[in-house]
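Read-outs: derived from the displayed coordinates by stated rules, not from any lab. Here the structure is a predicted model, which means the values were calculated and not measured. Cβ atoms come from the backbone with ideal geometry, glycine included; neighbour counts cover every protein chain shown.
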Amino acid sequence: MSIYLTLILALSLDTFMASLTYEISKIRIPLKSNLIISFVCSTILIISLFLGNSLSLVIPNAVLKWISFFILFFIGILKIFESQVKKLIKKNSFKSKKINFSFCNLKFILQIYSDYAKADYDKSKNLSAIEAFSLALALSIDGLSAGLAFNTASEYFLAIFLTSLIINIALIFLAKFLKFIIKNIKFDFSLLGGLIFVVLAFFRL
């Protein structure tokens, strides 16, 4: 179970970073939006773990082990260079293009991924339920991929879901209190998340 806790913490760093971005930008995240973000991220992780479970039924363990390694290693490397990836998305995907708001619009989701503050589409300084859902989809990109790397017993699903839900809710609240401390610290938390994924990858071998 400890490996799943490590996975949840690595994924939750994105939620924490997004929350810090909003707090520093003075964009309010109401309790309802907090719950939506946490619920969607946790649900998508469980869906991904279920799909990973299904893969284990059709793919030999020896092959699945290496697939798991490459998925986690690839996510880790992407996160280590995430700031460059986001700059590339901003530069090449949205130049001179108006992005219409839609909670499941892929371009809008990618725009949020490249800049979390874009989720506040109406510039109200208050993250609405629909905006929170769009943000959650962007934050769940890594979780959707990472869960495929694990062959998880179904009896752990509820515990993993509740643990992920609680940690995400707590980190969003924590960002409110740490914003004044962390905003002056030039540390890229995506680098830490990337290193955790790389370590997890080697544990899959």
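Which length gain, in nm to one decimal place, applies between residue 31 and residue 6 when the Cα-Cα distance is subtracted from 0.36 nm times their residue separation?
Extending this stretch completely gives an extra 6.5 nm.
Residues with amide H under 5 Å of residue 126's amide H, sequence separation 5 or more or different chain, H placed in the peptide plane at 1.01 Å from N; which?
28
Once phi is turned into ³J(HN,Hα) by the Karplus curve 6.51 cos²θ - 1.76 cosθ + 1.60 with θ = phi - 60°, what whole-Hz value does each residue of region 147-159 show in order, with x for glycine and proline?
Whole-Hz 3J(HN,Hα) from phi for region 147-159: x, 5, 7, 10, 9, 9, 5, 4, 5, 8, 4, 5, 4.
Sorting check: for 125-135, 35-45, which peptide has the highest mean count of neighbouring beta carbons within 10 Å, and how do the rest follow?
35-45, 125-135
How much length is gained if the chain between residue 177 and residue 195 is pulled fully straight, taking 0.36 nm per residue apart and subtracting their Cα-Cα distance, in nm to one decimal?
3.9 nm
With label points built 7 Å along Cα→Cβ from the Cα atoms of residue 77 and residue 51, find their separation and express it in nm.
2.1 nm
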